[in-house]
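Since the structure comes first, as structure tokens, the remarks are kept for the end.
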Amino acid sequence: RKKIRRISTGVRSLDELLGGGIETRAVTEVVGEFGSGKTQLCHQLAVMVQLPEERGGLGAKAIYIDTENTFRPERIMQMARARGLDPDQALNNIFYARAYSSDHQMILVEHAKSIVKQHNVALIVVDSVIAHFRSEFPGRENLAERQQKLNKHVADLLRLADAYDVAVVITNQVMAQPDVFFGNPLRPAGGNILAHGATYRLWLRKSKENIRIAKIFDSPYHPEGEVSFRITEEGLID
Ligand code: GTP
Ligand code: MG
């Protein structure tokens, strides 16, 4: 395997679960129900990647492709401040793009490539990877086309990640009852394709109040078991 780098999540237990943080040259799929913390984790990673290596980052910038209009600049600034970064500078180090359709989303990955060539980018976020595909290709009759397009999209992202030593994080909402979530995991909305296209799947679920629980699925390299973290004003913490 080629040499990989890691970006700390800023949560020690989550980093341990991930073997040190999220990996470059890989697509990490964050799966979970609404409110489980997928978007919050994406925001935090876009800040963490900017930290110097001795603090868990890669001293690099991020690209953030937002499909649901849930990117919050103030939240980035809040998290940056909590990590001792200049909030305005932290925001400036994130190349933000809103994707208005699945086609647009796929074009943005092409644009991302040219940004990655010119700038020190080590993280690409696509939050959510699935939303446009799901609404544009509804129902069983469109499933094959949807999966084919989604498969290409994730393959494009993986190629980009591998070629430029960048970490890619994509999110995928699933509906599940919290109590059956881990015992009987439902197939994520992307179906088999994402399971095969993404390198790792990190599952998040809600616990009481601001506590969230994370687990990794389908990975021979990662430990079994769950870890918990909290979502606070400062961001995600142990
Ligand atoms: P969907 O996109 O709907 O699937 O959900 P998600 O998994 O992206 O959830 P998200 O990351 O948006 O998490 C939402 C939760 O994070 C909220 O329920 C809040 O508990 C918490 N949260 C979000 N912003 C803040 C904030 O500024 N301060 C604090 N303390 N908590 C926050
Ligand atoms: Mg979200």
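The values are calculated or read from the model by the stated rules, or taken from the named source; none is laboratory data. Computed from a predicted model, the values in this text were never measured in an experiment. Cβ atoms come from the backbone with ideal geometry, glycine included; neighbour counts cover every protein chain shown. These accessible areas exclude ligands, DNA and RNA; they are computed on the full protein's heavy atoms, side chains included. Shrake-Rupley method; radii C 1.70, N 1.55, O 1.52, S 1.80 Å.
So the values come out like this:
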item	result
Residue count for region 51-88, restricted to those that are in a loop (DSSP other than H, G, I, E, B), within 16 Å of ligand 1 (Cβ to nearest atom) and open to solvent by 60 Å² or more (accessible area, probe 1.4 Å)	3
Single residue of region 111-122 satisfying the filter (in contact with a helix residue (DSSP H, G or I) (Cβ under 8 Å, 6 or more places away or on another chain) and without any contact (Cβ under 8 Å) to a residue 60 or more places away in the chain) that is farthest from VAL169 (Cα to Cα)	LYS117
Condition met for LYS152 (free of Cβ contacts under 8 Å to residues at least 60 places away in the same chain, open to solvent by 20 Å² or more (accessible area, probe 1.4 Å), within 20 Å of VAL30 (Cα to Cα) and out of contact with any Leu (no Cβ under 6 Å at 6 or more places or on another chain))	yes
VAL125 being touching a residue at least 40 places away in the same chain (Cβ under 8 Å) and closer than 21 Å to GLU234 by Cβ	yes
Among (1) part of a helix (DSSP H, G or I); (2) within 21 Å of VAL109 (Cα to Cα), the one test that SER13 misses	(2)
Given (1) modelled with pLDDT under 95; (2) in contact with a strand residue (DSSP E or B) (Cβ under 7 Å, 6 or more places away or on another chain), index of the condition GLU141 fails	(2)
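Residue by residue, here is whether (1) of a type in the set (Phe, Trp, Tyr); (2) surrounded by fewer than 19 Cβ atoms within 10 Å (Cβ to Cβ); (3) within 27 Å of ALA82 (Cα to Cα); (4) modelled with pLDDT under 90 holds:
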site: ALA161; (1), (2), (3), (4): no, no, no, no
site: ILE170; (1), (2), (3), (4): no, no, yes, no
site: MET175; (1), (2), (3), (4): no, yes, no, yes
site: ALA189; (1), (2), (3), (4): no, no, no, yes
site: ILE193; (1), (2), (3), (4): no, no, no, yes
site: GLY197; (1), (2), (3), (4): no, no, no, yes
site: GLU224; (1), (2), (3), (4): no, yes, no, yes
